[in-house]
Structure formats: structure tokens, C-alpha cells
Amino acid sequence: MTSNLETADNPEQLERIVIEPLTRVEGHGKVTLLQDENLHIRQARLHIVEFRGFEKFIQGRPYWELPVLVQRLCGICPVSHHLAAAKATDMLVGATQLTPTAEKIRRLMHYGQTLQSHALHFFHLCSPDLLFGFDDEVRHRNIVGVIEDNPEIAKQGVLLRKYGQEVIRLTAGKRIHGTGAIPGGVNKSLDREEINYLKKDIEQIVQWGQGAVELIKRIFFEQLDYHMSFARFDSNMLGMIGAKGEFDIYHGGLRARNADGDMIFDHVDYTRYSDYIREGVKNWSYMKFPFIESLGAENGWYRVGPLARVNNCDYFSTPLAEQQRRIFREAGHGRPVQASLAFHWARLIELLYCTEAIRELLLDPDISGKDLLNRGALQHCGIGVLEAPRGTLFHHYEIDADGIVNKANLIVSTTNNNQAMNESIRQVANSYLDGNRLSEPLLNQIEVAIRAYDPCLSCATHAMGKMPLEITLLNENAEIIDRLEKRVTGEIQRCSS
Amino acid sequence: MSSKNTFMLDGVAIEFSEGDTIMDAALRSGSYIPHLCHNPEFRPHGSCRVCVVNINGRQVSSCTQPASAGLEVDNSSEDLVQERRNLLQMLFVEGNHVCPGCEKSGACQLQAVAYYTGMLSPQYTHFFPQRSVDASHPDTAIDFNRCILCELCVRASRDVDHKDVFSISGRGIGSHLVVNSPSGKLGDSAFAATDKAAHVCPVGAILPKHRGYEQPIGSRLYDRSPISIVGDVAAHESDDQGDTHGR
């Protein structure tokens with residue numbers, strides 16, 4: 001399934017074009033393109049140039065700190081890490097079932113998080129590409145340009161995000177890096193005043209959510225063939241689904257489909273994720289490459305996130321989102337929709353779902369309940385999985401008898417999309433860049449392909465201990481005079497230049 | 001009010017009794033002097049130096065300085081407050097005080113005093129010492145990263161619990177808290193969660209296990225009012241800040 005642009009045969013003879021930093025994505029990354037003398041692209045890679053060591057430095061810390069510590073991985077979707085770690089610590093404290101209040105407060109927090117993250121991504125980061133075109137002037141192709149040309153759209157984006165953050169603030173204590181979810185439950189519910197505050201604007205928020213889906217559909221259908229073919233490729237898709245096959249981003253089983261929509265596995269207990277998912281390492285990226293073990297590294301890589309979730313689920317439990325899901329699936333003509341830009345479409349259907357789900361929960365008396373915690377006997381191993389805005393998020397911890405963490409494994413949403421993002425830029429390179437003298441608008445198409453995934457590059461880099469490293473020594477004429485390579489095994493070898 | 005039994009604290013007359021320190025009299029009158037190692041339940045220690053005040057151009061620790069009639073005590077001049085900020089910065093950089101991830105955040109006396117004095121960020125180089133967490137006791141954990149060597153646990157264990165569980169070992173910058181047990185672990189000591197020593201730590205070094213962040217943001221000790229109004233952590237130890245079941 002992988003394309004042939006990962007590694008060129010003779011990189012030293014090719015011209016190197018670097019897109020750095022990638023803009024309008026979370027975190028730091030770059031793309032390198034190698035182009036031959038006939039302007040053909042021979043190699044295209046997405047590199048993640050920053051490094052996180054959370055799996056290592058939470059070792060030695062007490063388990064009850066985990067939901068608060070690990071959320072510092074990210075400032076955009078900390079709630080996802082907060083809740084995934086909380087779910088893992090639920091297992092650690094023997095809480096097999098949360099109280100209704102605890103589960104619903106956590107869901108409310110998660111829907112608020114997904115709403116604000118999706119609004120941020122679409123309106124602030126991606127709408128300039130989609131509203132103005134990929135080749136629009138750089139100084140206009142940004143959120144300021146959107147505010148100038150489409151003030152109503154910009155306003156709705158800002159206020160949708162604000163509403164999501166207010167939901168987070170009231171359930172977690174702070175808009176960013178709160179403390180609401182604790183092992184076995186939550187530390188607060190909502191009082192009447194807080195519920196009324198959120199109810200006040202929810203109808204408007206749902207309405208704007210509908211408007212967002214209509215906006216992306218209008219953009220998409222204006223150039224349907226182009227949008228359906230841009231960075232399009234077949235891939236497997238992985239995501240969480242509810243017990244009845246419904247869309248569920250907080251709890252459920254794992255479902256993977258192949259490119260034709262056939263089931264690879266379904267309703268898998270996520271605590272057994274390591275029986276199904278493996279992680280590969282490549283010597284040119286700090287980000288790992290997960291794959292479905294039964295299919296192998298070459299064919300088993302997959303996509304996660306909105307595109308996978310909306311393709312994978314059988315239905316949405318809320319009426320407006322379900323109506324939009326059906327329209328979306330019709331675009332696939334019986335197969336999963338594989339267009340990378342359809343991520344945006346799916347993302348806004350999810351945004352609409354979150355507004356509806358928040359509206360439902362605000363009418364549920366359980367969210368002001370007083371029974372917040374449920375704990376049993378301490379366990380050795382805890383695994384928490386949920387669907388973060390960017391895709392399936394795995395947190396896995398092991399503790400000693402004193403409650404101290406001695407092992408951690410995080411498979412972060414963006415990591416799951418690593419191979420897919422690389423495939424996307426190779427598709428774009430092949431389709432639009434190959435044979436051309438490269439220019440900013442052409443290179444922006446590479447970034448457009450990556451942005452579709454809403455990658456959070458900061459969260460996704462954590463290959464500590466297995467990190468390959470290459471050190472190249474150049475002389476004053478930029479000629480290589482020495483090169484050392486540390487392999488994933490830890491072995492250090494001098495390479496011939 | 002007889003001038004014989006008063007001194008002036010920042011221009012305000014403070015009444016005192018025989019045997020009072022400046023700190024005793026100030027606290028009783030409702031005047032706040034920042035402090036960390038002082039706890040009125042224990043003999044004054046004078047080690048943290050945060051409570052230094054100026055008396056006739058001389059700096060003294062108010063928790064050990066006997067009050068006397070006619071003293072002119074400066075508790076708020078900019079130079080003095082800057083000295084306190086410097087001391088607090090040193091305390092922050094000598095340990096590993098990571099407020100954003102600390103469960104004591106919002107209810108920590110070190111953090112509260114830092115806010116009160118305007119010490120918002122250390123300018124000294126962090127030591128980043130290699131310290132561990134001792135969670136060997138079933139009910140209580142010690143995070144040595146956060147210890148500020150106030151010796152309140154040492155004093156409580158020695159003077160109230162009569163167990164001598166804690167002591168300070170080493171000298172100078174190498175000083176550190178140790179546990180009196182064969183293994184050096186709290187779980188092997190005579191310590192019990194009901195001991196006085198379990199309830200006097202002004203920072204997040206000695207904490208009950210398994211509770212973590214049960215107190216929501218917004219209702220922690222110093223979330224609503226500064227330490228000058230709320231008072232010390234130890235004064236609120238009887239408040240139940242962890243039971244969320246009935247909230």
C-alpha cells in the first residue's frame with residue numbers, strides 16, 4: 001500500500017527542498033522533498049523535529065498524578081490526555097464502572113474539548129485554504145484574511161471554540177490543564193447556575209454547528225472531483241465505536257476496516273490493543289509508525305480521526321449529525337470515503353454531533369449529581385483509550401505495589417496517522433509537484449494535505465530510548481567528512497561518506 | 001494602650017505580651033508577616049528566613065525575635081520584600097517545585113507566599129536535583145522533590161508524636177530530609193497517618209496517598225483569597241479537603 005517516494009536511491013545527487021516550519025499545525029515539523037535534475041520528485045518525507053519524553057519522565061511518579069501530568073503533552077487537546085489517563089487510572093484503582101454523574105461529566109468535558117479543537121482547526125487554521133484557495137496570496141491566506149473577508153464565519157469559529165472551552169472550564173476547573181477527572185471519577189459536578197450558563201447559548205451553538213457543515217459541503221461540492229482526488233489514497237481505518245456500532249468518542253471497542261470497508265476486527269476490547277497494534281520505528285523520524293499487526297508494517301498502517309470515525313461508525317445517536325453522516329457516506333458510493341480533504345467534512349459533522357450531545361447532557365439531571373467517585377482494589381496495570389479530536393489515543397501504565405509508575409506507553413492520535421500523512425504528501429508530490437519548478441503555492445499544497453489530518457506534532461513524538469540518531473560532520477565547503485549513526489538497537493556505527 | 005506593651009509594625013501599633021516574639025504579636029493582631037517554617041504550635045525555628053523584618057537597619061527573623069516596647073519594625077519596604085523574593089526564588093530552584101503538575105498547587109504555602117510577595121518566576125538557575133518519591137507507606141507519600149527543610153515534620157514527630165521519624169542529614173546545600181527506619185523508607189518507620197507530623201507540611205512533600213486532585217480548582221485553600229487572609233496550611237489541616245463523595 002505504501003508509495004515508492006519514502007527513500008531515494010541517490011539522495012546526495014538530488015536537490016533538497018525543505019518546508020520548515022510547517023504552518024497552521026500544532027507543534028513543529030518539516031517536509032523534505034528531493035527533486036532530480038528533470039524536476040521529478042524522488043523522495044518526500046514528513047519529519048517531526050521536536051521531542052517529548054513523557055513516557056520516561058512520568059516513571060517514578062504516583063499514579064494519581066497521571067491525568068494532570070500527562071495532559072501537559074499538549075495545550076490544544078489536553079483534555080484528551082487528561083481523560084485517557086483518567087480512564088487508565090480508573091482501571092488502576094479498580095473502578096470498573098463510573099457513577100452516572102462521573103461518566104456524564106467526563107463526556108461533557110470531552111465533547112467540549114472536541115468542539116473547541118475542531119472549531120480551532122477548521123476556522124482558524126484551515127478555512128483560509130478552503131475559502132481562498134491553496135494558491136491565494138500568503139499574507140491574505142490566514143485567519144486575519146478570514147476576519148476581513150468573512151467576518152461572520154470568523155466570528156462563529158471564535159465563539160464555537162469559546163463555548164467548548166467554557167464547557168471545559170466548568171467541568172475541569174480551567175480552560176486549559178484542569179483537574180476535573182481523577183482516578184475513579186471526577187472532582188466536581190455542575191451546579192444549577194453553571195448549567196443555566198451553558199444552556200443560555202447552546203441553541204445558537206447547535207445552529208452554528210449546522211452552518212459549519214453546510215459551509216464545508218458547499219466548498220467541497222463546488223469542486224467535488226478535485227476535493228475527492230486531492231491526496232487521495234486507499235487505507236485501512238481504525239477507530240472506537242459504541243456497543244451498538246454507534247459513534248462514540250469516549251468509550252467503546254476498537255473497529256478497523258480495510259479500504260473496501262470490510263471489517264479487519266470489530267468491538268475489540270481496547271485493553272488488548274497490544275495484540276492488534278504494533279509500532280515501527282524509522283531512522284529519519286522521531287515519530288513512530290503504528291500498524292495493524294495481522295497485516296504487517298507494509299500493508300497494516302491505517303488512518304484515524306474524523307475521517308476514520310465517520311466512515312467506521314454505523315450511525316450517530318443525534319439526529320442532525322446522523323443526517324449529515326448519511327450524506328457523507330453517499331459520497332463514498334458504498335466504500336469508505338478515502339479523500340484526505342474529506343477529513344474536514346467529517347470533522348465538522350463531529351463538531352455538530354458534539355453540540356447536539358452537549359445539548360442533551362445539559363438536560364440530564366445526572367450532571368448535577370453528588371456521587372462522584374467509585375473505587376475498588378488497586379491494580380497493577382491500567383489502560384485507557386478514547387477518541388481524541390485527532391484520532392484514537394492509547395494510554396497504558398503499569399505501577400508497583402506502592403502506586404508508583406514504572407512503565408508507560410502512549411500511542412498518540414497523530415502518531416497513528418504518521419504513515420498516512422507521509423502517503424498524502426507523496427500523493428501531492430506525484431500529482432502536482434512532479435516535473436514543476438517548485439513555488440510557494442505548490443509547496444502549500446503539501447501543507448494543505450498535512451493540515452487535513454489536524455496533526456498535533458508535539459504530542460506525537462516520544463520515541464525515547466529507541467530513537468535513531470545520525471550525526472553528520474561537514475567541512476567549510478559543506479562536504480561530509482564524517483558521519484555517525486546510532487541505530488534503534490542503540491548500536492553506534494561510523495558510516496562512509 | 002500603654003507604650004510599654006506595644007511596638008510599631010509598618011507604622012501600626014502592635015500590642016504584645018511578655019514572652020511574645022514579633023511574629024506572635026503580629027499574627028495575634030491580624031498583621032501578616034510572610035513565613036514558612038513558623039507554626040505557632042511549635043518552638044520557633046528561624047530557618048527559612050522568609051519572615052525577616054528590619055529593626056533599626058538590622059535584619060532579624062520575626063519568629064525568633066522577642067518583641068520589645070518601642071521597636072520600629074519594617075515589614076513591607078521594597079528592599080525587604082525583594083530580599084524575601086530572593087529567598088523564595090532560592091527555595092524554588094533548590095528543589096523541584098513544578099506547580100502546574102503538583103497536587104498541592106492552590107493549597108501550598110510556598111506558592112501562596114510567593115504570590116503574596118510577588119515572586120512569580122525564579123530568575124536563578126534551577127538545580128534540578130535528582131530526588132525520589134517514597135510511597136512505601138500505605139497511607140502517606142513523601143515527595144522529596146518538594147521538601148523545603150522547614151523541619152516542621154521533624155519537630156512534630158519529635159515533640160508531639162515522640163517518634164523521631166524524621167531528621168535532617170547532611171550539611172549546607174547537601175542537607176536533606178531522612179527517615180528514621182532500617183531501610184530509610186517511611187513504610188518501615190513508626191510513622192502513622194494520624195501522626196501530627198503527617199499534617200504540618202506547608203508544601204506538597206508529605207501528602208496522603210491516592211487523593212491527588214480531589215479538591216476542585218476554585219475551592220482550594222488559596223483559590224479565593226491570599227494567604228494574608230486565609231492563614232497557614234497547617235491552620236486548615238482539620239478541614240476536610242478531600243472528601244468529594246458528599247460534595
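The values are calculated or read from the model by the stated rules, or taken from the named source; none is laboratory data. Here the structure is a predicted model, which is why all the values come from computation and not from measurement. Positions of Cβ are backbone-derived with ideal geometry, glycine not excepted, and every protein chain shown enters the neighbour counts. Heads up: the accessible areas ignore ligands, DNA and RNA and are worked out on the full protein's heavy atoms, side chains in. Shrake-Rupley method; radii C 1.70, N 1.55, O 1.52, S 1.80 Å.
Ranking A:Q323, A:S235, A:A212 by how far each Cα lies toward the positive end of the dipole of the range A:192-332 (charges on Cβ) leaves A:A212 at the top. Compute the separation of the alpha-carbon centres of the range A:286-331 and the range B:147-186 and state it in Å as a whole number. Each part's Cα centre sits 56 Å from the other's. Relative to the Cα centre, the charge distribution of the range B:3-76, modelled as +1 at Lys and Arg Cβ and -1 at Asp and Glu Cβ, gives a dipole magnitude of about 180 debye.
Tell me, what ³J(HN,Hα) does each residue in the range A:251-261 have, in order and in whole Hz, if you take phi through Karplus 6.51 cos²θ - 1.76 cosθ + 1.60 with θ = phi - 60° and put x for Gly and Pro? Along the range A:251-261, the couplings run 8, x, x, 8, 10, 10, 10, 8, 5, 8, x Hz.
Using a probe radius of 1.4 angstrom, the carbon and sulfur fraction of the accessible surface of the protein assembly as shown is 49%.
Placing a label point 7 Å from the Cα of B:D10 along the Cα-to-Cβ line, the residues of the range B:50-79 whose backbone N sits under 11 Å from it are B:74-78.
Net charge dipole, the range A:228-290: roughly 260 debye, given to the nearest 20, about the Cα centre with Cβ charges of +1 for Lys and Arg and -1 for Asp and Glu. Residues of the range A:230-257 with an amide N closer than 18 Å to a point placed 7 Å from the Cα of A:H333 along the Cα-to-Cβ direction: A:230-235. Taking 18 Å as the limit for the C-alpha separation, the pairs A:K162/A:K199; A:K56/B:K209; A:K56/A:K407; A:K162/A:K370; A:K30/A:K282 exceed it in the case of A:K56/B:K209; A:K162/A:K370.
Distance between Cα centroids, the range B:89-106 to the range A:138-199: provide it in whole Å. Using only Cα atoms, the two centres lie 29 Å from each other. Look at the alpha carbon pairs under 8 Å that are at least 6 residues apart: their mean separation over the length of chain A gives a relative contact order of 23 percent.
Percent of Cα pairs in the range B:89-212 per distance bin of 10 Å, from zero to the largest separation: 13, 45, 33, 8, 0. Taking a sphere under 12 Å around the Cβ of B:S31 and counting the other residues whose Cβ falls inside, with K and R at +1 and D and E at -1, yields a net charge of -2.
What FRET efficiency comes out for the pair A:L224/A:D262, r = Cβ-Cβ distance, R0 = 25 Å, nearest 0.05? Mind dumping the intermediate values first?
Numbers: r = 26 Å, r/R0 = 1.03.
Calculated transfer efficiency: 0.45.
A straight chain from A:N406 to A:K244 at 0.36 nm per residue would run longer than the Cα-Cα distance by 54.7 nm.
As a quick test, which of the pairs A:K87/A:K155; B:K104/B:K196; A:K217/A:K288 have an alpha carbon distance above 29 angstrom in this structure? Mind showing how you got there, number by number?
Values: A:K87/A:K155 35 Å; B:K104/B:K196 18 Å; A:K217/A:K288 34 Å.
Pairs exceeding 29 Å: A:K87/A:K155; A:K217/A:K288.
At 20 °C and 1.002 mPa s, grab the translational diffusion coefficient of the range B:3-76 from Stokes-Einstein with a Kirkwood Rh over Cα pairs, rounded to a whole number in µm² per second. Before the final figure, lay out the partial values.
On the way: Rh = 11.9 Å.
Result for D is 179 µm²/s.
Note on B:M90: accessible area is roughly 80 Å² with a 1.4 Å probe, heavy atoms of protein only.
As an exercise, identify the trypsin sites (Lys or Arg not before Pro) in the range B:203-234 lying in DSSP coil whose Cβ has no more than 11 other Cβ atoms within 10 Å.
Details: sites: B:K209, B:R211, B:R220, B:R224; in loops: B:K209, B:R211, B:R220, B:R224.
Of the trypsin sites (Lys or Arg not before Pro), the ones in loops of the range B:203-234 whose Cβ has at most 11 other Cβ atoms within 10 Å are B:R224.
For the range A:361-457, the list of trypsin sites (Lys or Arg not before Pro) that fall in a loop by DSSP and count at most 10 other C-beta atoms within 10 angstrom reads A:R437. State the Cα centre-to-centre distance between the range B:1-62 and the range A:112-133 in whole Å. First find each Cα centre; the distance between them is then 58 Å.
Among the trypsin sites (Lys or Arg not before Pro) within the range A:99-138, not one is in coil by DSSP while having at most 15 neighbouring Cβ atoms inside 10 Å. For A:D364, the amide hydrogen comes within under 5 Å of no other amide hydrogen, counting only partners 5 or more places away or on other chains and with H modelled in the peptide plane.
Rounded if a/c is under 1.5, else prolate if a/b beats b/c, else oblate: with a ≥ b ≥ c from the C-alpha gyration tensor eigenvalues square-rooted, which is the range A:54-419?
Working: a/c = 1.66, a/b = 1.20, b/c = 1.38.
In terms of gyration-tensor shape, oblate.
Pairing chains A and B buries close to 2000 square angstrom of accessible surface in total, based on protein heavy atoms and a 1.4 angstrom probe. Report which residues of the range B:175-214 become buried by 40 Å² or more of accessible surface when going from the isolated chain to the complete set of protein chains (1.4 Å probe; DNA, RNA and ligands ignored). Those are B:H210, B:Y213, B:E214, which lose 40 Å² or more relative to the chain on its own. Phi angles of the range A:150-164 translate, via the Karplus equation with coefficients 6.51, -1.76, 1.60 and θ = phi - 60°, into HN-Hα couplings of 10, x, 5, 4, 4, 4, 5, x, 5, 6, 4, 5, 4, 4, x Hz per residue; Gly and Pro are given as x.
Summing charges over neighbours of B:D161, with a neighbour being any other residue whose Cβ is under 9 Å away from its Cβ, gives 0 when K and R count +1 and D and E count -1. For B:Y32, the solvent-accessible surface with a 1.4 Å probe is about 30 Å², rounded to the nearest 10.
Could you tell me the calculated FRET efficiency between A:V158 and B:S132, based on Cβ-Cβ distance and R0 = 60 angstrom, to the nearest 0.05?
Working: r = 46 Å, r/R0 = 0.76.
Efficiency, rounded to the nearest 0.05: 0.85.
Computed from phi, the 3J(HN,Hα) profile of the range A:6-15 under the Karplus parametrisation 6.51, -1.76, 1.60 (θ = phi - 60°) reads 6, 9, 7, 6, 10, x, 5, 9, 10, 7 Hz, with x in place of Gly and Pro.
Would you kindly calculate the translational diffusion coefficient of the protein assembly as shown, applying Stokes-Einstein with the Kirkwood radius from alpha carbon pairs, for 20 °C and a viscosity of 1.002 mPa s, and quote it in µm² s⁻¹ without decimals?
It comes out at roughly 75 µm²/s.
Only the Cβ atoms of Lys and Arg (+1) and of Asp and Glu (-1) were treated as charged; on that basis the dipole of the protein assembly as shown about its Cα centre amounts to roughly 440 debye.
Starting from the Kirkwood radius over alpha-carbon pairs of chain B, derive D by Stokes-Einstein at 37 °C in a medium of 0.692 mPa s and give it in µm² s⁻¹.
Numbers: Rh = 19.0 Å.
Approximately 172 µm²/s, per Stokes-Einstein.
When DSSP assigns beta bridges and you keep just the ones with both residues in chain A, what percent turn out antiparallel, to the nearest 5? If you can, show how the numbers build up before the last one.
Numbers: 53 of 57 bridges.
Close to 95 percent.
Amide H contacts under 5 Å for B:S76: none, restricted to partners 5 or more places along the chain or on a different chain, H placed in the peptide plane at 1.01 Å from N. Burial here means at least 20 square angstrom less accessible surface with every protein chain in place than with the chain by itself, probed at 1.4 Å; in the range A:60-78 the buried residues are A:R61, A:Y63, A:W64, A:E65, A:V68, A:L69, A:R72.
Given R0 = 45 Å, the distance between the Cβ atoms of A:E193 and A:H28 translates into a calculated FRET efficiency of 0.65.
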